[in-house]
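Read-outs throughout are calculated quantities, based only on the coordinates presented, and are distinct from any laboratory measurement. Here the structure is a predicted model, which is why all the values come from computation and not from measurement. Here the Cβ is made from the backbone with ideal geometry for all residues, glycine too, and neighbour counts use every protein chain on show.
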Amino acid sequence: MAGLRAGKAERAPLFASIAAELKREIASGRFAQADLLPGERELSEMLEVSRTTLRRAIAGLVEEGVLVHRHGAGTFVRRNPPRVEQPLSRLTSFTEDMRLRGLAPSSKVIEQGTFLPTPEESMMLDIALTEQVFRLERLRLADEAPMALERAAVPLRYLDGGELGGSSLYAALATAGFRPVRAIERIRAVVVGAAQAALLGVPEGSPTLDIQRVAYASDGRRVEFTRSVYRSDTYDFVAELTLSPGARARTEGAIR
Ligand code: GLP
């Protein structure tokens, strides 16, 4: 590998050319088997640089989103996450969405428990500030790749004793007899801050989609308010658009 470095622009700092070299190696599939980078000692010998320079190069690549540190496991190459097409007309859960596409859904719980609602939750769920909600904040993954961060609030009375049981919130709501049948979703573009970027495995300031969902049970009661941050490189939201019946009749009339 060291040979590849010869003839590099002389003024580029060494760590930057090491980072570029590592990037080329990754692109060529060098670490593809396990996606795990060799240890620091091995890598610094391989690249013939000091560990300090190597660390700076790796830190830059983590910042760029090319590599990710996994606590206690090492530094990994970040492979492209699956790209998902999500119809905007179907009310499904994350678990269902991923399974439909043959991807394995999983979640990392960031926070869960029973709390009094925030003023926003109480307003969106149309409940009193004194009514308890079950709050669940999770990192959602598909085939181990982070896809979204979700913070859901559900009035406690719609979950059997506030127990989530399995890993699907909608399955828990269904068990309690309150499977959402309708939802209103609001989607906005936002750039992600440092903490959320680290969890999602994207560089700080990346574009993301901020999605709010209010879901209703069949009797019209609001059973869920969720704020999600979806990686914009993993989701294409697709909506089907149709003419209003009046406009359609006019169009067909004009064609005849
Ligand atoms: C989607 C929705 C969330 C909903 C979740 C339930 O991700 N954006 O509003 O809470 O599905 O998913 P699951 O049943 O897998 O927990």
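Annotations for the structure displayed:
- Spherically averaged projected area in nm², based on the convex hull that wraps the Cα atoms of segment 126-256: 12.0
- One chain, two ends: residue 59 and residue 99. Fully extended at 0.36 nm per residue, the span grows by 11.0 nm beyond their Cα-Cα distance.
- GNM flexibility winner over the chain from 150, 240, 120 (Cα, springs under 10 Å): 240
- Packing, as the average of other Cβ atoms within 10 Å across residues, places the peptides 134-142, 169-177 in the order 134-142, 169-177, highest first.
- Radius ratio Rg over Rh of the chain, counting only Cα atoms, Kirkwood formula for Rh: 1.11
- With a Förster radius of 51 Å applied to the C-beta separation of residue 210 and residue 51, the computed FRET efficiency comes to 0.80.
- Footprinting exposure proxy ranking of 160, 126, 97, fewest other C-beta atoms within 10 angstrom first, gives 126, 160, 97.
- When the charge dipole of segment 54-213 is built from unit charges on Cβ atoms (+1 for Lys and Arg, -1 for Asp and Glu) and taken about the Cα centre, the candidate among 80, 208, 174 whose Cα reaches farthest toward its positive end is 80.
- Working ranking of peptides 100-107, 195-202 by packing, defined as the average number of other Cβ atoms within 10 Å per residue, highest first, is 195-202, 100-107.
- Cα-projected label distance for residue 160 with residue 237, points at 7 Å along beta-carbon direction, nm: 3.3
- Taking the fewest neighbouring Cβ atoms within 10 Å as the starting point, the ordered list for 208, 251, 234 is 251, 234, 208.
- Cβ-defined net charge surrounding residue 126, 9 Å radius [Lys, Arg +1; Asp, Glu -1]: +2
- Dipole axis of the chain (+1 Lys, Arg; -1 Asp, Glu on Cβ), positive-most option in 26, 245, 193: 245
- Magnitude of the charge dipole for the chain, about its Cα centre and with charges confined to Cβ atoms of Lys, Arg (+1) and Asp, Glu (-1), is about 480 debye.
- Each residue in 77, 190 was given a count of other beta-carbon atoms within 10 angstrom of its own, and listing them fewest first yields 190, 77.
- If the chain linking residue 151 and residue 85 were pulled fully straight, counting 0.36 nm for each residue of separation and taking away their Cα-Cα distance, it would gain 21.6 nm.
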